[in-house]
Amino acid sequence: MLYSSAAHWRAAPRKSVLVYGMSGLGKTHMSNLLRASGHWFHYSIDYRIGTRYMGEYIADNAKTEAMKVPFLRDLLMSDSIYIGSNITFDNLAPVATYLGKPGNPVQGGLAMAEYARRQEQFRASEISALYDTAHFAQRAEALYGYPHFICDSGGSICEWVEADDDHDALMRDLSAHCLLVWIKGDDAHTEELIRRFDRAPKPMAYQPAFLLEVWEEYLNKNKCLEGDVNPDDFIRFTYARALAHRQPRYEAMSRWGVTVTADQVAQLKKPQDFEDLIATCL
């Protein structure tokens, strides 16, 4: 690991961490807490995806919809209006909206072929954004003078690595530049995440083989065709399975760093609390 002991961590003039885990367990809370101190640079993987790697896809998708409206089409064709996404750290909705949900187009669903294409775009984008971590860690100090760095990764990071493999290229790259910190939830957290998702289902990124498996399971269970699928019903059906699928993958990643609990993260009030928590783990 980047820091060999609690003493090494505390004495380090430049602290660098990457936090990962399921969305909703405290990654952004931790990152915002550290960023607000003025001493930590916050690198958001999802923000990087939405601005650097998928920004054009997102904007073009919005333009495609606008071109269906004669009034907006005329303005676009004459360069009278500009369409772009307004992605911020606190509003990453354009990325989720672009990913979409498969199913009945009348209910806002995408054809599975198109949905899978966008999933692949996201996979490539997230991997590229993760490989950018070292660049931003160095840039944060060289350009802005931040002494410390936190990478706020997406919940799907575990889908693109084989953490049991000591030679996994992405795991080796990330652990060479950051201390990896897993925010682990318990059964109560999982149940709450499922309840929260059921109230407001949101698009997610899935490992291709997993997506194919749950898609076929859903079609067989409901005896329906692709065009009959209720998009929200499908992603609700998939969410709990996705949590169970990701848990052992997070577990495998944990040997590359340290583990904290969602309850511990919720109790953090100031950067020193975070530094003390990591020291305890080390």
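Residues that are in a helix (DSSP H, G or I) and open to solvent by 10 Å² or more (accessible area, probe 1.4 Å) within segment 173-184 comprise ASP173, SER175, ALA176, HIS177, listed in sequence order.
Residues of segment 64-88 that are open to solvent by less than 90 Å² (accessible area, probe 1.4 Å) and not hydroxyl-bearing (Ser, Thr, Tyr): ALA66, MET67, VAL69, LEU72, LEU75, LEU76, ILE81, ILE83, GLY84, ILE87. The criterion of being in contact with a strand residue (DSSP E or B) (Cβ under 9 Å, 6 or more places away or on another chain), closer than 17 Å to ARG241 by Cα and of a type in the set (D, E, K, R) holds for ASP186. The condition (being exposed (fewer than 15 other Cβ atoms within 10 Å of the Cβ) and either closer than 20 Å to ILE127 by Cα or under 28 Å from the mean Cα position of the chain (by Cα) (or both)) is satisfied by just one residue among ASN61, ASN91: ASN91.
Filtering segment 1-11 to residues that are surrounded by fewer than 16 Cβ atoms within 10 Å (Cβ to Cβ) and in a helix (DSSP H, G or I) leaves ALA6, ALA7, HIS8, ARG10, ALA11. A Cβ distance below 6 Å, combined with a sequence gap of six or more or placement on separate chains, defines the contacts here; from segment 67-95, residues that are more than 27 Å from THR28 (Cβ to Cβ) and among the basic types (Lys, Arg) reach residues that are at pLDDT 90 or above and open to solvent by 60 Å² or more (accessible area, probe 1.4 Å) in the pairs ARG73/MET67. Does segment 36-48 contain any residue that is touching a His at 6+ places or on another chain (Cβ under 8 Å), under 17 Å from LEU180 (Cβ atoms), open to solvent by less than 10 Å² (accessible area, probe 1.4 Å) and not in a loop (DSSP other than H, G, I, E, B)? Yes; the residues of segment 36-48 include at least one that is touching a His at 6+ places or on another chain (Cβ under 8 Å), under 17 Å from LEU180 (Cβ atoms), open to solvent by less than 10 Å² (accessible area, probe 1.4 Å) and not in a loop (DSSP other than H, G, I, E, B).
Screening MET22 with (1) under 21 Å from the mean Cα position of the chain (by Cα); (2) not in a loop (DSSP other than H, G, I, E, B) gives one miss only, at (2). Name the pairs: first residue in segment 253-276 and under 20 Å from CYS178 (Cβ atoms), second residue open to solvent by less than 70 Å² (accessible area, probe 1.4 Å) and among the aromatic types (Phe, Trp, Tyr), Cβ to Cβ under 6 Å, at least 6 apart or on different chains? Hits for this filter: SER254/TRP182; THR259/TRP182; LEU268/PHE274. In segment 163-172, which residues are assigned to a loop (DSSP other than H, G, I, E, B) and free of Cβ contacts under 8 Å to residues at least 24 places away in the same chain? Of everything in segment 163-172, those that are assigned to a loop (DSSP other than H, G, I, E, B) and free of Cβ contacts under 8 Å to residues at least 24 places away in the same chain turn out to be ASP165, ASP166, HIS167, ASP168. Looking for something in contact (Cβ under 8 Å) with a residue 12 or more places away in the chain, surrounded by 15 or more Cβ atoms within 10 Å (Cβ to Cβ) and either β-branched (Val, Ile, Thr) or out of contact with any strand residue (DSSP E or B) (no Cβ under 9 Å at 6 or more places or on another chain) (or both) - is there at least one such residue anywhere in segment 12-21? Yes: one or more hits. The residue of segment 33-63 that is farthest from ASP173 (Cα to Cα), among those that are free of Cβ contacts under 8 Å to residues at least 40 places away in the same chain and not hydrophobic (A, V, I, L, M, F, W, C), is LYS63. TYR146 satisfies every condition listed in (1) in a helix (DSSP H, G or I); (2) open to solvent by 50 Å² or more (accessible area, probe 1.4 Å) except (1).
The values are calculated or read from the model by the stated rules, or taken from the named source; none is laboratory data. What you are looking at is a predicted structure, and each value in this text was computed from that prediction instead of being measured. We place every Cβ from the backbone using ideal geometry, glycine too, and count neighbours over all the protein chains shown. Heads up: the accessible areas ignore ligands, DNA and RNA and are worked out on the full protein's heavy atoms, side chains in. Shrake-Rupley method; radii C 1.70, N 1.55, O 1.52, S 1.80 Å.
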